[in-house]
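Step one of this worksheet: look at the structure below.
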Amino acid sequence: MPKIWVRVRLALENDSRNYISQSEYEQLCRENKLSDRQDMLFLSRYLHDLGVCLHFQDDAILKHYVILKPEWGTTAVYKVLDNQTVRKNLGCFSQENLVEIWFDSKYAQMRDELLQLMMRFKLCYPIPNRPHHYIAPQLLDVNQPDYTWDNKNNLILRYKYEFMPKGILTRFIVETHPWIEQQNLVWRSGVLLSAYETRAEVIEHYNQREIKIRVAGNRKKELLTVVTHELEKIHQSFERLQYDTLVPCNCTECEGSSTPHTYTLKKLRKYLNAGEYQVKCDESFKMVDVRRLIDDVNLPPLGENRKLNHQSTLLQQELKLDRDESLSSVVDQHTMNYQDFQVLVTEDRKIRVSSEQGEEQDDLRLEMSKINLALKLIERGGTDKDLLKTLGGDLYQALFPNNINGQLRATMAGAEASDYNVRLRLVFESPELAALPWEFLYDERTNTFLGNNTQTVLSRYIDIPLKKRELKARNSPLSILLVISSPTNLPQLDVAGEERLLRSALAKHVEAGTIQLDVLPEPTRSNINQKLRKKPYNIFHFIGHGIFENNKGYISLVDDNGEEKRLDDESFANFFLGNSNLGLAVLNSCQGATVSNSQAFAGIASNLVRRGIPAVVAMQYSIKDTTAKLFADEFYRTLALGWPVDAAIQTTRNAISQEVGLEERDFATPVLYMRAKDGIIMSGL
Ligand SMILES: [Zn+2]
C-alpha cells in the first residue's frame with residue numbers, strides 16, 4: 001500500500017465522526033496529498049472491502065457518504081431488528097416506525113441511508129405494492145403457512161452443508177422477494193416462489209443442515225436455475241463453505257418418488273471426468289445416465305471451479321429486473337455506472353478512439369467484397385451462427401485494429417474490475433459505413449457479440465453538438481403513442497394485427513399501471529399534432545412505410561382521403577420540438593416489408609437525430625411478429641423502470657438473442673441512434 005494511502009487510512013481511522021460526505025472524504029484525501037479522484041475512489045473501495053469503512057460507490061443513495069464507523073450502522077440496524085413493535089409484527093415495519101426507532105440525532109439525519117444499508121445487508125426488503133413498508137425475514141413467523149402442492153413431476157434438489165451458517169434462507173428471501181407467492185407464502189425458514197405458472201418451494205432444515213428445493217409447473221428447469229443461481233451467489237459470499245449438491249435419481253423407481261436415491265454432484269462429475277456415463281442406483285440397482293441426471297436439474301456438467309456462470313437466463317434477468325424495480329421504488333433512481341469508449345470514423349475512414357485510457361488513431365480497412373455476400377444473406381434472412389460470427393468478426397477487426405483493440409480490451413478489463421459497464425458510442429461520418437449492421441460486432445476472443453453482451457452498451461451517435469435535452473428519468477407511467485400508417489395507395493399493412501400485437505405484448509404492464517398505450521387512427525399530420533398536445537407522450541412508436549433517397553428521409557403518413565402524405569425528416573422532427581416529454585421515436589416496418597423499406601428507416605433514424613430528436617430506434621431489417629412482441633415487452637418495460645435508453649436496447653437485444661437464438665439476425669436488428677452529449681466526442685480530437 002502506497003505511503004499516501006496509509007496516511008489517508010490513518011486519518012480516516014482517527015476521525016471521530018460516524019460518517020462523512022463524499023466531498024468531505026475527498027477533502028480529507030487532498031489534505032493528505034492524495035489528489036487523483038480515481039485513486040480516492042479506488043482507496044475507499046479497498047478500505048470498504050477490508051471492512052475499515054463502508055462506501056457503497058454504486059448505490060444511488062449510499063454513494064454520497066463514507067461511513068467511518070461501520071458499527072454505527074450495525075447498531076442502528078439492530079435497533080430495528082430488536083424493536084418490540086417490529087418483532088410483534090413479525091418483521092414488518094413502515095417508514096413511520098423508523099422515524100420512532102431512529103429518533104436519536106445521530107440517526108435522524110440519515111434515515112434513508114440507514115434503511116438502504118439494511119437492504120444492502122440483505123436484512124429487509126420493500127413489500128411489493130405496499131409503499132413504505134418493509135419486511136425483515138429473520139423475524140417472520142416460524143410456522144409454515146398452509147398451501148397446496150402438486151407432488152407430480154417435481155424437480156427436486158437438495159443442498160447438504162458440512163457446517164451451515166445462519167441466514168442463508170433469509171438472504172435468499174430478500175433476493176427473490178418480488179416472486180413470493182401472494183407475498184404471504186413466506187416464513188422464517190422457507191418460501192414459495194411463483195413465476196410463469198411455475199412454483200418453487202425452498203425450505204431450510206437447519207438441524208439437518210439442509211436446504212430442500214421442489215419445483216412444479218411448466219418452466220421447472222428455468223425456475224430451478226434461478227433458485228440455484230441465487231443460492232450459489234449466497235454460498236460464494238461465505239469463505240470456504242463446504243456443501244454437497246444432491247441430485248435425485250431418475251430411474252423408473254425413483255422418478256416421481258418423494259424420497260428418491262440421491263447422488264452428490266461432485267461424484268457425478270467425477271464419473272464424467274473418468275469417462276463413465278452410467279451409474280447404478282442404490283435403490284433399484286438400475287443403471288442411469290449421468291449426463292441426464294445433471295441435465296435434468298440444469299446444472300453445468302463440468303467445472304470444478306465455483307466461479308459463477310455469468311450467462312444468465314431470461315428468467316434470471318427477469319428476477320433481477322423485478323428486484324431492481326422493487327428496490328428502485330424506494331430509491332427511485334436507477335444506478336448504473338459506465339465508462340465511455342467512443343469510436344469516431346471520419347469521412348476519409350480514419351478511426352479515432354477516446355476513452356479513459358487515452359486516445360488512439362488508425363485507419364479503417366474493410367474489404368466490402370469480403371462481407372457483401374454475408375450482408376445479402378442477412379437481408380434475405382438466410383443466416384446461421386457461423387455466418388453472423390464471421391461477419392461480426394470482420395467488422396470487429398475493421399473497427400478495432402491493433403492498438404485500438406488493445407485499448408478496448410483495457411477499458412473492458414478496467415470496467416469489469418470496478419463493476420462498471422462499457423458504453424460503446426459509434427459515430428460514422430459517412431452514410432455508407434453507417435449503413436452497415438455494426439450491431440453484429442463480434443469479439444472472437446471472448447466469443448461475444450458486443451451488441452447483446454451484458455457488460456457493454458452499444459449505440460450509434462450523431463456527433464453534432466445540439467442543444468442539450470437529455471432523456472431524463474421519466475415520470476411514471478411511460479406513455480406511448482402508437483401510430484400505424486397504412487395509406488390506401490401503398491402496399492397494405494395489417495393495421496389491426498399490429499395493434500393487437502403491441503397491445504398483447506404490453507398488456508401486463510398496462511394492467512400494472514407502468515405503461516400507457518394509446519393508438520392513433522388516421523394518422524394525418526394534424527391528428528398527430530392534436531394528440532400530442534392533449535397528452536404528454538414519452539414515445540412515438542411508428543409502424544409503416546419510409547423512404548430514404550438522396551440523403552433525405554420521408555415517412556408516409558396519410559392525408560384526409562387516406563392516401564399517402566409524405567413527411568420529410570425535418571417536418572417529422574418538428575413533432576418533437578418544443579415537446580419536452582417526447583424523447584424517443586421507434587420506427588418499425590412490419591413483417592413482410594421490403595428490405596429497402598427497413599433500411600430506409602436506419603437512414604431516416606440518423607437524420608431524425610440530426611434534426612433534434614434525442615433518440616431514435618430503427619429496425620434495420622424487417623422483424624418477425626414474435627420478435628416485435630418480445631422487443632416491445634422487454635424494451636418498454638425496461639424503459640418504464642427508468643433505465644437509460646441505450647442500456648434498455650442492449651438488454652432487449654440480449655433478450656431477443658436468448659429467445660430467438662444467435663443464428664438469426666433478429667437480435668442485431670434494433671439500431672439505436674442518440675445524440676452525443678455536447679462536445680464529448682469531439683473533445684481532444
Ligand atoms: Zn433410482
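Once you have the Kirkwood Rh of the stretch 91-136 from its Cα pairs, apply Stokes-Einstein at 37 °C and 0.692 mPa s and quote D in µm²/s.
Estimated diffusion coefficient is 305 µm²/s.
What FRET efficiency, computed as 1/(1 + (r/R0)^6) with R0 = 45 Å and r the Cβ-Cβ distance, is obtained for Lys152 and Asp625, rounded to the nearest 0.05?
0.85
When N is the residue count of the stretch 138-290, what does its C-alpha Rg come to as a fraction of 2.2 N^0.38 Å?
1.08
In Å, what Rg and Dmax follow from the Cα atoms of the stretch 495-536?
12.0, 32
Report the label-to-label distance for Asp104 and Leu50 in nanometres (one decimal), using points 7 Å from each Cα along the Cα→Cβ vector.
My value for the distance between the label points is 2.7 nm.
Might you report the magnitude of the Cβ-based charge dipole of the chain about its Cα centre, with Lys and Arg at +1 and Asp and Glu at -1, to the nearest 20 debye?
1040 debye
Kindly state, to the nearest 0.05, the FRET efficiency for Ala410 paired with Lys233, given R0 = 25 Å and r defined as their beta-carbon distance.
0.35
With labels modelled as points extended 7 Å from the Cα through the Cβ direction, what inter-label distance (nm, one decimal) is found for Ser526 paired with Leu314?
Going from the Ser526 label point to the Leu314 one covers 4.5 nm.
Residues of the stretch 219-239 with amide nitrogen under 20 Å from the 7 Å Cα-to-Cβ point of Arg292?
Those under the cut-off are 220-222.
Need one number: nm distance between label points at Asn129 and Leu375, each 7 Å from Cα along Cα→Cβ, rounded to one decimal.
Roughly 5.2 nm, to one decimal.
Where the Cα atoms of the chain are projected onto their three principal axes, how long is each span, largest first, in whole Å?
Projected onto its principal axes, the Cα set of the chain covers 75, 72, 53 Å.
Compute the normalised compactness of the stretch 518-673: alpha-carbon radius of gyration over 2.2 N^0.38 Å, N being the residue count.
1.01
For the chain, with every protein chain kept in place, what is the accessible area per residue (1.4 Å probe, Å²)?
46 Å²
Just how much of Met287 is accessible, in Å², when a 1.4 Å probe is used and the result is rounded to the nearest 10?
Its heavy atoms expose roughly 100 Å² to the probe.
Please tell me which of these pairs span more than 25 angstrom C-alpha to C-alpha: Lys508/Lys565; Lys233/Lys508; Lys79/Lys233; Lys370/Lys629; Lys320/Lys535; Lys122/Lys166?
Lys508/Lys565; Lys233/Lys508; Lys79/Lys233; Lys370/Lys629; Lys320/Lys535, as the Cα separations exceed 25 Å there.
Pull out the extension gain between Met368 and Lys266, defined as 0.36 nm times the separation in residues minus the alpha carbon to alpha carbon distance; nm, one decimal.
Extra length available between Met368 and Lys266 comes to 31.6 nm.
Taking the C-alpha atoms of the stretch 382-440, how large are the radius of gyration and the largest Cα-Cα span, Dmax, in Å?
13.6, 40
Scale the Cα Rg of the stretch 53-121 by the rule-of-thumb value 2.2 N^0.38 Å and send over the ratio, two decimals.
Cα-based Rg divided by the globular estimate yields 1.09.
Which length gain, in nm to one decimal place, applies between Gln492 and Asn550 when the Cα-Cα distance is subtracted from 0.36 nm times their residue separation?
18.3 nm
Taking the Cα of Ile4, stepping 7 Å toward and past its beta carbon, and measuring to each backbone N in the stretch 32-60: which are under 17 Å?
32-47
Tell me, rounded to the nearest percent, the portion of alpha carbon pairs in the stretch 473-559 spaced more than 21 Å apart.
More than 21 Å apart: 37 percent of the Cα pairs in the stretch 473-559.
Net charge around Phe440, counting only other residues with Cβ within less than 10 Å of its Cβ (Lys, Arg = +1; Asp, Glu = -1)?
That works out to 0.
Please list, by residue number, every one of the GluC sites (Glu not before Pro) in the stretch 188-217 that is coil in DSSP and has at most 15 other beta-carbon atoms within 10 Å.
Answer in residue order: Glu197.
The values are calculated or read from the model by the stated rules, or taken from the named source; none is laboratory data. The model shown is predicted, which means the values in this text are computed figures rather than measured ones. Ideal geometry is used to build each Cβ from the backbone, glycine not excepted, and the neighbour counts take in all protein chains shown. Keep in mind that these areas ignore ligands, DNA and RNA; they rest on the heavy atoms of the full protein, side chains included. Shrake-Rupley method; radii C 1.70, N 1.55, O 1.52, S 1.80 Å.
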